[in-house]
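Contents: one structure, followed by commentary.
The values are calculated or read from the model by the stated rules, or taken from the named source; none is laboratory data. Because the structure is predicted, anything quoted here is derived from the model rather than measured. Cβ sites come from the backbone with ideal geometry, for glycine too, and all protein chains shown count toward neighbours. What goes into the accessible areas is simple: the full protein's heavy atoms, side chains included, and nothing from ligands, DNA or RNA. Shrake-Rupley method; radii C 1.70, N 1.55, O 1.52, S 1.80 Å.
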Amino acid sequence: MKNNPLIRRPWLRIRWWLVAVVIVSLYVWSFTGIEFSGIRENAGTVTVAILQGMISPDWDYVYLADGEDLLRGMIDTLAIALLGTFISAFLCIPFAFWASTNMNRWKWSSGIGKFILSFIRTFPEIVMAIMFIKAVGPGAYAGILALGLHSIGMLGKLYAEAIEKIDRGPAEALLACGANRLQVMWYAVIPQVLPEFMSYTLYRFEINVRSATILGIIGAGGIGTPLIFALDSRNWSRVGIILLGIIITVSVVDMISNYVRRKIV
């Protein structure tokens, strides 16, 4: 008991109590700002209708020969996520080397690179999608641009961290043999970071598949567009089959990506 730090230093216990009080106060203050106007009279009816739609989905919507269906929507969603990830995976490489501290002579230079990547990550995908919809019109093109630009910030940060963890021994050995900077980059740096680059890219693709389903709700293509139409028309059986398709697609993509990433790293 004498070695207990809380007994020897009572201020530690007081500090933890102060932290707990601050956290509880923040939660209470947050909930006081929520305006609760009560539950609507038709809430029970709507809830039952939603559950019935989930239990008995519209299986005919899986494939329609003469119109948009679940398969086409999910293929569009996967294509948007794949192209957005592919664009960002290449465009973020220069930013990653710019932001890595061990690839710059001056700390302020890598600091600027990190700031630019943080600035890009500040804008959510849905905000970028709204901006691109205003610029290029609604559709998959706006969704691809939104995912591609937003993913540059996150992938660039992960790539930069991978570059900063490399072993400098091979690079120094090549420099001692008279290799130039490009040769050092190609033979000493790229082989070390490429597995992690591929792993981070696959992980980002998983996230982009989920994001692409949301972007369609605002008109950026993908399965989100028929989902919002089904919600507006209260077609709960169609909502159920769309949600079921999203769950299956995301789960399959996650399993495949996890398997590939385990083989790479």
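Roughly how many debye, to the nearest 20, is the charge dipole of the chain about its Cα centre, given +1 on each Lys and Arg Cβ, -1 on each Asp and Glu Cβ, and no other charges? Mind dumping the intermediate values first?
On the way: 23 positive and 17 negative charges, 349 e Å.
Charge dipole of the chain: 1680 debye, to the nearest 20.
Specify the residue with the greatest mean-square fluctuation among TYR203, TYR159, TYR63, computed from a Gaussian network of the chain linking alpha-carbon atoms under 10 Å apart.
TYR63
Dividing the Cα radius of gyration by the Kirkwood radius, what Rg/Rh value follows for region 63-130?
Details: Rg = 18.3 Å, Rh = 14.8 Å.
Result: Rg/Rh = 1.24.
How big, on average over all directions, is the shadow cast by the Cα convex hull of region 49-264, in nm²? Don't skip to the answer; put the middle values down first.
Values: hull surface 57.6 nm².
Here the figure is 14.4 nm², rounded to one decimal.
In percent, what relative contact order does the chain have, based on Cα pairs under 8 Å that are 6 or more apart in sequence?
Details: 305 pairs, mean separation 70.2, N = 265.
Over the chain, the number comes to 26 percent.
Angle between the Cα long axis of helix 125-136 and the longest principal axis of the chain, 0 to 90 degrees, nearest 10?
80
If I ignore ligands, DNA and RNA and count only protein heavy atoms, how much of LEU145 is accessible to a 1.4 Å probe, in Å² to the nearest 10?
My reading of the accessible area for LEU145 is about 50 Å².
In µm²/s, what is D for region 1-139 at 4 °C and 1.567 mPa s, where D = kT/(6 pi eta Rh) by Stokes-Einstein and Rh is the Kirkwood radius from Cα pairs?
Numbers: Rh = 22.6 Å.
Diffusion coefficient, whole number: 57 µm²/s.
Counting other Cβ atoms within 10 Å of each Cβ, which trypsin sites (Lys or Arg not before Pro) in region 160-251 have at most 15 and sit in a DSSP loop? Before the final figure, lay out each step's value.
On the way: sites: LYS165, ARG168, ARG181, ARG204, ARG210, ARG234, ARG238; in loops: LYS165, ARG168, ARG234.
When the trypsin sites (Lys or Arg not before Pro) of region 160-251 are filtered for loop state and at most 15 Cβ neighbours within 10 Å, LYS165, ARG168, ARG234 remain.
What do you get for the angle between helix 140-164 and the principal long axis of the chain? Use alpha-carbon atoms, 0 to 90 degrees, nearest ten.
30
So what's the angle, to the nearest 10 degrees on a 0 to 90 scale, between helix 190-215 and the longest Cα principal axis of the chain?
For 190-215 against the chain, the angle is about 20 degrees.
For the chain, modelled as a GNM with alpha-carbon contacts under 10 angstrom, which of ALA96, ALA160, ALA49 fluctuates the most?
ALA49
Give me the 1.4 Å probe accessible area per residue for region 49-264, excluding ligands and nucleic acids, in Å². Show your work: numbers first, answer last.
Working: 11730 Å² over 216 residues.
So region 49-264 comes to 54 Å² accessible per residue, rounded to a whole number.
Return the subset of LYS134/LYS263; LYS134/LYS157; LYS165/LYS263; LYS157/LYS263 for which the Cα-Cα distance in this structure is over 31 Å, preserving the input order. Working shown, then result.
On the way: LYS134/LYS263 42 Å; LYS134/LYS157 28 Å; LYS165/LYS263 20 Å; LYS157/LYS263 23 Å.
Too far apart for the 31 Å limit: LYS134/LYS263.
Considering the options ALA49, CYS177, GLY219, tell which one lies farthest towards the positive end of the dipole of the chain, charges being +1 on Lys and Arg and -1 on Asp and Glu at the Cβ, about the Cα centre.
Going by the charge dipole, the pick is CYS177.
Roughly speaking, to the nearest percent, how much of the chain's 1.4 Å accessible area is carbon and sulfur? If you can, show how the numbers build up before the last one.
On the way: 11540 of 16760 Å².
Exposed carbon and sulfur together represent 69 percent of the surface.
Collect residues whose amide H, placed 1.01 Å from N in the peptide plane, falls under 5 Å from the amide H of PHE123; neighbours closer than 5 in sequence don't count.
Hits under the 5 Å cutoff: none.
Quick check on packing: order 247-260, 112-125, 21-34, 82-95 by the mean number of other C-beta atoms within 10 Å, highest mean leading.
Answer by packing, highest mean first, reads 82-95, 112-125, 247-260, 21-34.
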